[in-house]
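Novice: Shown below is the structure under consideration.
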Amino acid sequence: MIRAYLFALDPTAEQQHQFRSHCGAQRYTYNWALAQVKANWNQRKAEESYGIADADRTPWINTSAYSLRKAWNQAKGEVAPWWVENSKEAYASGCANLSTALGNRRDGRARMPRFKSKHARQSCRFTTGAFGIGRDRRHVKLPRIGEVRTHESTRKLSRKIETGTARIMSATLSHQRGRWHISFSVELPDTDAAPRGGQRVVGVDLGISALATLSTGENLANPRHLDKAQQELRRAQRVTARRQGPDRRTGQTQSNRWRKAQARVTRLHARVGNQRRDSLHKITTRLVREFDVIGIEDLHVAGMVRNRRLARHITDAGWAEFRRQLSYKADAAGVGVVVADRWFASSKTCSGCGTAKAKLALSERMYACTACGLVLDRDHNAAQNLAALAGGTPGELLREQPAGTHVRPGSAPGSETATGRPRSGQGHVRKNMDHETELLVS
């Protein structure tokens, strides 16, 4: 399997200049190759409009990474006489990235690639040459740049390399969250973890007031890192707004005071992002260690953030990142993750008798069943339904469905998802969305 190891760097001023030069070289090669491809396609289109036969038109340009790189090597002396200042890998990665982008367009996974701006995120990938981890575990080696000190120790990856259980495939240099990082793509041996017994089952209902409500009755608090940093962040943004910033319309360049103020805003956002990821890592690691089967919801986060009153709180919670971390950690540990369908009525269904309500307003935080008289917290009720779904007892959930709920039982127990995990008893709600989705997406 392939895993990525990300390390922050502490480069010198000269090394930062070399970083920007390599990233700019990759961007320049990408844009040059894209211009050649578009020129070839436009030429063929023009010849077609003149009625020229297909056999007599300009031949199609080969968009493979090898062919684009070969064309670049033939033209680099004229179009980029400064090419000797950077490693050849910077130019090769630009051609390879464009070839991948064109392949995604051809297969229908993406649109036509666009030219990259120098204001966009800077990155450069190395696949060959002298790159890797330093012997002291506090430096990394990059082609033409040399050794760069890391902000943190690389011992976790160094130990695997020294024992021969890991092999670095590529290194990607990038500028993100206000500082330079290096990401190593590492090949690790496939570890097929034996599935656990499945005795410890839990349902996890994600929310805002509580980040996660477990079917065991425990509520995991939402740290609200962005809310806590709002006062300091607003002050920093006000200072930035009073400085002379860049303006593309008038050609105005930013002042040094604006750069310093903007750097402070970037550091605040980076700190909030790091805190959020750290909290989610601790929660997901704990769930994988303590339980054998975990039931979660397939939330439509992109639709929920359309509500301007709750968008900031939803993005601060990091539901998508929670699911991503939980999925890969569960696969590595042999834990089953059952993802309830997006329309599964976890909040509207009574966890005691299985009766589903036709409507349940978002303001109703306590669930009161009219059939059996069960009264409990709304999120706890949804978590128990997810636990029952993950435990393979969907028949106990959807026994009675009143008119207007548009709920129907899903696949039979034992069916397989795309990841090979059991995904049984999923319900579907067509018109009335469940939980926070009901209000947020409308």
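Novice: For the stretch 313-334, name all the residues that are closer than 19 Å to LEU220 by Cα and not in a helix (DSSP H, G or I).
Specialist: Within the stretch 313-334, GLY318 is the sole residue that qualifies.
Novice: Hey, among the residues in the stretch 64-100 that are part of a helix (DSSP H, G or I) and of a type in the set (Phe, Trp, Tyr), which one's surrounded by the fewest Cβ atoms within 10 Å (Cβ to Cβ)? Quick ask: steps written out before the conclusion?
Specialist: Of the residues in the stretch 64-100, the ones part of a helix (DSSP H, G or I) are 65-79, 83-85, 88-100.
Then drop every residue that is not of a type in the set (Phe, Trp, Tyr), which leaves 66, 72, 83, 91.
Details: TYR66: 12, TRP72: 21, TRP83: 17, TYR91: 26.
Among those residues, the one meeting the criterion is TYR66.
Novice: A further question on this structure: Step by step: first the residues of the stretch 176-187, then only those that are touching a helix residue (DSSP H, G or I) at 6+ places or on another chain (Cβ under 7 Å) and not charged (D, E, K, R), then the one that is farthest from LEU268 (Cα to Cα). Which residue is that?
Specialist: VAL186
Novice: Go through the stretch 144-164 and give me each residue that's surrounded by 14 or more Cβ atoms within 10 Å (Cβ to Cβ), assigned to a loop (DSSP other than H, G, I, E, B) and in contact with a strand residue (DSSP E or B) (Cβ under 6 Å, 6 or more places away or on another chain).
Specialist: Across the stretch 144-164, the qualifying residue is only THR154.
Novice: Which of the residues that make up the stretch 260-274 are touching a helix residue (DSSP H, G or I) at 6+ places or on another chain (Cβ under 8 Å) and free of Cβ contacts under 8 Å to residues at least 60 places away in the same chain?
Specialist: Pass one, the stretch 260-274, residues touching a helix residue (DSSP H, G or I) at 6+ places or on another chain (Cβ under 8 Å): 261-262, 264-265, 268-269, 272.
The answer is ALA261, GLN262, ARG264, VAL265, LEU268, VAL272.
Novice: Right, another one. What number of residues within the stretch 335-344 are in a loop (DSSP other than H, G, I, E, B), surrounded by 23 or more Cβ atoms within 10 Å (Cβ to Cβ) and in contact with a Lys or Arg (Cβ under 8 Å, 6 or more places away or on another chain)? Write out each step before concluding.
Specialist: Residues of the stretch 335-344 in a loop (DSSP other than H, G, I, E, B): 335, 341-344.
Add one more test, that the residue is surrounded by 23 or more Cβ atoms within 10 Å (Cβ to Cβ), and what stays is 335, 344.
From the residues that got through so far, the ones that are in contact with a Lys or Arg (Cβ under 8 Å, 6 or more places away or on another chain) too are 335.
The total comes to 1.
Novice: Could you please let me know if LEU188 is farther than 16 Å from GLN15 by Cα and buried (at least 19 other Cβ atoms within 10 Å of the Cβ)?
Specialist: On the way: farther than 16 Å from GLN15 by Cα: yes; buried (at least 19 other Cβ atoms within 10 Å of the Cβ): no.
When the stated conditions are applied, LEU188 does not pass them.
Novice: Let me ask something else. Of all residues in the stretch 347-373, how many are among the aliphatic types (A, V, I, L, M) and under 23 Å from ILE296 (Cβ atoms)? Step through it out loud before you land on a result.
Specialist: As a first pass, look at the stretch 347-373 and keep what is among the aliphatic types (A, V, I, L, M): 356, 358, 360-362, 366, 368, 371.
Next, from what is left, pick out any that are under 23 Å from ILE296 (Cβ atoms): 356, 360, 362, 366.
The number of residues fulfilling the criteria is 4.
Novice: Any residue at all in the stretch 369-389 that's part of a loop (DSSP other than H, G, I, E, B), modelled with pLDDT under 90 and within 31 Å of the chain's Cα centre (by Cα)?
Specialist: Taking the stretch 369-389 as the starting set, the residues that turn out to be part of a loop (DSSP other than H, G, I, E, B) are 369-374.
Filter once more, so that each one left must be modelled with pLDDT under 90: 369-374.
If we keep only those that are within 31 Å of the chain's Cα centre (by Cα) as well, we get none.
No, the conditions are met nowhere in the stretch 369-389.
Novice: Quick check on my filter: what residues within the stretch 246-262 are surrounded by 13 or more Cβ atoms within 10 Å (Cβ to Cβ) and among the small types (Gly, Ala, Ser)?
Specialist: So in the stretch 246-262, the residues surrounded by 13 or more Cβ atoms within 10 Å (Cβ to Cβ) come out as 246, 254-255, 257-259, 261-262.
Correct list: SER255, ALA261.
Novice: Has the stretch 48-61 got at least one residue that is over 21 Å from PHE126 (Cβ atoms), surrounded by 15 or more Cβ atoms within 10 Å (Cβ to Cβ) and either of a type in the set (Lys, Arg) or within 35 Å of the chain's Cα centre (by Cα) (or both)? Quick ask: steps written out before the conclusion?
Specialist: Restricting attention to the stretch 48-61, the residues satisfying the condition of being over 21 Å from PHE126 (Cβ atoms) are 48-61.
From the residues that got through so far, the ones that are surrounded by 15 or more Cβ atoms within 10 Å (Cβ to Cβ) too are 57, 61.
Now narrow it down to the ones that are either of a type in the set (Lys, Arg) or within 35 Å of the chain's Cα centre (by Cα) (or both): 57, 61.
Checking the stretch 48-61: at least one residue is over 21 Å from PHE126 (Cβ atoms), surrounded by 15 or more Cβ atoms within 10 Å (Cβ to Cβ) and either of a type in the set (Lys, Arg) or within 35 Å of the chain's Cα centre (by Cα) (or both).
Novice: Then there's this: Would you check if there is a residue in the stretch 282-297 being at pLDDT below 95, within 16 Å of the chain's Cα centre (by Cα) and outside any helix (DSSP H, G or I)?
Specialist: No: the stretch 282-297 contains no residue that is at pLDDT below 95, within 16 Å of the chain's Cα centre (by Cα) and outside any helix (DSSP H, G or I).
Novice: So, one more: In this structure, does THR266 turn out to be closer than 28 Å to ALA320 by Cβ and part of a helix (DSSP H, G or I)?
Specialist: Considered against the rule, which asks whether it is closer than 28 Å to ALA320 by Cβ and part of a helix (DSSP H, G or I), THR266 comes out as yes.
Novice: Has the stretch 276-293 got any residue that is of a type in the set (Gly, Ala, Ser) and exposed (fewer than 14 other Cβ atoms within 10 Å of the Cβ)?
Specialist: To start, the set of residues in the stretch 276-293 that are of a type in the set (Gly, Ala, Ser) comprises 279.
So of that shortlist, the ones also exposed (fewer than 14 other Cβ atoms within 10 Å of the Cβ) come out as none.
Looking through the stretch 276-293, none of the residues is of a type in the set (Gly, Ala, Ser) and exposed (fewer than 14 other Cβ atoms within 10 Å of the Cβ).
The values are calculated or read from the model by the stated rules, or taken from the named source; none is laboratory data. Please read all numbers here as calculations on a predicted model, not as lab measurements. Positions of Cβ are backbone-derived with ideal geometry, glycine not excepted, and every protein chain shown enters the neighbour counts.
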